[in-house]
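J.: Got a structure here, written out as structure tokens. Questions coming.
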Amino acid sequence: MSDYFCGLNIFVMKEKLRIGLFGYGVVGQGLYDVLQSTPAFDATIAKIVVKEKKERNLPDSMFYYNPDEILEDPEINLIVELIDNSEDAYKIVKKALQKGKNAVSANKKMLAEHLEEMVSLQKENNVSLLYEASACGSIPIIRSLEEYYDNDLLLSVTGILNGSSNYILSNVFDHNQSYDDALKEAQDLGFAESDPSFDVEGYDSLYKLIIITLHSFGIIVKPENVLTYGISNISEFDINYAREKRFKIKLVGQVERLKDQNITLFVLPRFVGRDKYIYSVEEEFNGVVVKGKAYDKQFMFGKGAGGHPTSSAVLSDITALAHDYKYEYKKLNYFKEFKYFKNGTVEIYLRYSDSSVLKNFKFDSISEEYNGPKYSYKIGFVKLSSLIEINSLLRELDIFIALTGKSLNY
């Protein structure tokens, strides 16, 4: 037999996968469709647990309403969790791992809030939890960080991590829509929820960044300790300012390696010029730039929203589990410990209408300022730690903040 055909043997699965699926929304249905169109893949969705009974495109006999129908079934050897509620997802995945069942999850909030425990549960019970779909939709960023960027050459990971907010900003800058009209269109197309705060306030990007940070530098950071600010307060003034400077505004998450084993991370709007890879990432797409000492910059691009792109990442995890794949958490287990550093200094654009808000901001220096009849702005350097201190207040103020992209030495 030729080497080519011998090589194909690595794709033969060791056992048939009987999947217990939690959730049958857009992603759950997308996964079912993908599995149906992949006849060579020996996996079957045996049972589906949902919250309520309603008419669906599968027989009623497939659906159950008690999680234990799946979790206590000894014939089900893989749990796939695709529900919105993070607390319910936590209970499901935790019990699955404790029962010795491998699991796949797409719930970034649950994972970001319980990462340390999820890592421990896998080790204690000799099982695997995979969650590629939780980070960037169809982009295999976690597996890449685990397998390809698994050394100490990594310097930073920067990207557009939320397809919904990017769709809105794309329509604003490329099609001259107002923010409100662009948001409504994103909701009509299913890219944004009726309550869009999870996406536009930056929380979705934050949870993804927490997960990416673990696989980038082996450090687990609590979400509440990270500066997070979204795009909901953007105004026509901010949009016009960006256009005048030939920038677009993108909602960006970034984790960066600093000196002395320090890292910093944040989620903020950013002015982006044509010279940046993410400038051309439009609509519901995500784009991630990985920077390293030897390879400089590498760019990954793909759909970050929608049922089939996300379900393709779930399918990739299912396939990996069929071959006994586990995250090794090399950087967490074997590398010198990194520390989260909050005192880095960055340059921000701060737009405001009432000068009394300035008392909340501790600028180290001012680079540019403008005072107008309705809106004013200041551009200057400020410590991240001073912004983290008022993180919860930022959304309540009549302001908009964006990074200029400049920073001082940390």
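The numbers here are math on the coordinates, done by the rules we state, and not lab data. As the structure is a computational prediction, the values presented were derived from the model and not from experiment. FYI the Cβ positions are ideal-geometry reconstructions off the backbone, even for glycines, and counts take in every protein chain you see.
J.: Among (1) 95, 63, 37; (2) 91, 53, 43; (3) 70, 50, 41, find the value of Cα extents along the principal axes in Å that was calculated from the structure presented, and write down its label.
T.: (3)
J.: Further, regarding this structure: Taking the Cβ of residue 194 as the center, what net charge do the other residues with Cβ under 13 Å away carry, scoring Lys and Arg +1 and Asp and Glu -1?
T.: Residues close to residue 194 contribute a combined charge of -4.
J.: Let me ask you something else. Is region 66-130 best put as rounded, prolate or oblate by its Cα gyration tensor, with a ≥ b ≥ c the root eigenvalues, rounded for a/c under 1.5, and otherwise prolate when a/b is larger than b/c, oblate when not?
T.: Here region 66-130 falls in the oblate category.
J.: So for the chain: antiparallel DSSP bridges make up what percent, rounded to the nearest 5?
T.: 70
J.: Here's another thing I want to ask about it. For residue 339 paired with residue 296, estimate the spin-label separation in nm (one decimal), with each label point 7 Å from Cα along the Cα-to-Cβ line.
T.: Going by the 7 Å Cα→Cβ label model, 3.3 nm.
J.: Under 12 Å from the Cα of residue 297, which aspartates and glutamates turn up, not counting those fewer than eight places away in the same chain?
T.: Within the straight-line limit of under 12 Å, residue 297 reaches no aspartates and glutamates at all.
J.: May I have the count of lysine pairs in region 3-136 with C-alpha atoms under 15 Å apart, counting pairs 8 or more residues apart or located on different chains?
T.: Close lysine pairs under the 15 Å cut-off: 14.
J.: What list of ³J(HN,Hα) values in whole Hz, one per residue of region 363-374 in order, does the Karplus curve 6.51 cos²θ - 1.76 cosθ + 1.60 (θ = phi - 60°) give from phi, with Gly and Pro shown as x?
T.: Each residue's phi maps through the Karplus curve to give 6, 6, 7, 10, 9, 7, 8, 8, 10, x, x, 10 Hz.
J.: Right, another one. Can you give the FRET efficiency to the nearest 0.05 for residue 124 and residue 358, using r as the Cβ-Cβ distance and R₀ = 51 Å?
T.: Approximately 0.50, to the nearest 0.05.
J.: Starting from 0.36 nm per residue, how many nanometres of slack lie between residue 84 and residue 324 once their C-alpha separation is accounted for?
T.: 83.7 nm
J.: Using θ = phi - 60° and the Karplus curve 6.51 cos²θ - 1.76 cosθ + 1.60, what whole-Hz ³J(HN,Hα) does each residue of region 193-204 get, with Gly and Pro shown as x?
T.: Each residue of region 193-204 in turn: 6, 4, 9, x, 4, 4, 8, 6, 8, x, 5, 4 Hz.
J.: Once you put a point 7 Å from the Cα of residue 275 and another 7 Å from the Cα of residue 66, both along the Cβ direction, what distance in nm separates them?
T.: Once both label points are built, they end up 6.4 nm from each other.
J.: Packing-wise, with mean Cβ within 10 Å as the measure, how do 383-396, 359-372 rank, highest first?
T.: Going by the mean number of other Cβ atoms within 10 Å, highest first, we get 383-396, 359-372.
J.: Could I ask something else about it? Assuming a ≥ b ≥ c are the square roots of the Cα gyration tensor eigenvalues, decide whether region 3-136 counts as rounded (a/c under 1.5), prolate (otherwise, with a/b larger than b/c) or oblate.
T.: In terms of gyration-tensor shape, oblate.
J.: So if each residue of separation counts as 0.36 nm, and I subtract the Cα-Cα distance between residue 197 and residue 184, what length gain in nm does that give?
T.: Taking 0.36 nm per residue and subtracting the Cα distance, the gain is 3.4 nm.
J.: Each residue of region 113-125 in turn: what ³J(HN,Hα) in whole Hz from Karplus with 6.51, -1.76, 1.60 and θ = phi - 60°, glycine and Pro shown as x?
T.: Each residue's phi maps through the Karplus curve to give 7, 10, 4, 4, 5, 5, 5, 5, 4, 4, 5, 5, 10 Hz.
J.: Rounded to the nearest 500 deg cm²/dmol, what is the calculated helix-only ellipticity per residue at 222 nm for the chain, with -39500 (n - 2.57) per DSSP H run of length n ≥ 4?
T.: Computed ellipticity for the chain at 222 nm equals -9500 deg cm²/dmol.
J.: So what's the net charge close to residue 63: Lys and Arg +1, Asp and Glu -1, counting the other residues with Cβ under 13 Å from its Cβ?
T.: Cβ neighbours under 13 Å give a net charge of +1.
J.: Further, regarding this structure: So between residue 222 and residue 26, what do we pick up on full extension, going 0.36 nm a residue minus the alpha carbon distance?
T.: Here the segment from residue 222 to residue 26 would lengthen by 67.7 nm.
J.: Let me ask something else about it. In terms of modelled amide H atoms, which long-range or inter-chain residues lie less than 5 Å from the amide H of residue 161?
T.: Under 5 Å from the amide H of residue 161: 253.
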